[in-house]
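Bear in mind these aren't lab numbers, they're just calculated from the coordinates by the rules spelled out. Please read these numbers as outputs of a predicted model, since none were measured by experiment. Virtual Cβ from ideal backbone geometry, glycine too; neighbours counted across all protein chains shown.
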Amino acid sequence: MKVLGVGLGVAILVIIWVVVAITVVACWHRRVIVVTGITVVAAVISAILLLLPQHPAPLQPIDEASVIDHLFIPRVLILLVCGLSSLFGLGAMIAHWTEPIQAKPLKKIKAL
């Protein structure tokens, strides 16, 4: 059985670690011991799931004409450049928005 193109075990591991990440973010300020405990429990569950025997894949005939994606590396590089430039742009916007605005001195008014 496949879930989003990956096996059920991978989907379970992803769900476990997403829940752990949300819990860690939510509980970080209260108890560090609870966060450590949750992380250790998730690591133990992940190790158990990884060590469980997998069912053998059914015998599949060897296909001589395999499809090779020659554009995989350029796509990854383009994605990497786009992601890094987005992060750089976000950092520049945050730096621009957090600049302090200095008050201008008032002109002195002569009293009559």
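Show log10 I(q)/I(0) for region 1-52 at q = 0.24, 0.30, 0.31 Å⁻¹, two decimals, from a solvent-free Debye sum over equal Cα scatterers.
Once normalised to I(0) and log-transformed, intensities are -0.87, -1.09, -1.12.
Within a 10 angstrom radius of the beta carbon, how do W28, W17 rank from fewest other beta carbons to most? Intermediate values should be presented prior to the final figure.
Numbers: W28 11, W17 15.
If I rank by nearby Cβ atoms, fewest first, I get W28, W17.
Can you give the helix-only mean residue ellipticity at 222 nm for the chain, where every DSSP H stretch with n ≥ 4 adds -39500 (n - 2.57) and the sum goes over all residues, rounded to the nearest 500 deg cm²/dmol?
Details: 3 runs with 66 residues, N = 112.
So the calculated ellipticity at 222 nm is -20500 deg cm²/dmol.
How large is Rg/Rh for the chain, to two decimals, with Cα atoms and a Kirkwood Rh? Kindly include the intermediate steps, with their values, before the conclusion.
Numbers: Rg = 26.8 Å, Rh = 20.8 Å.
For the chain, the value is 1.29.
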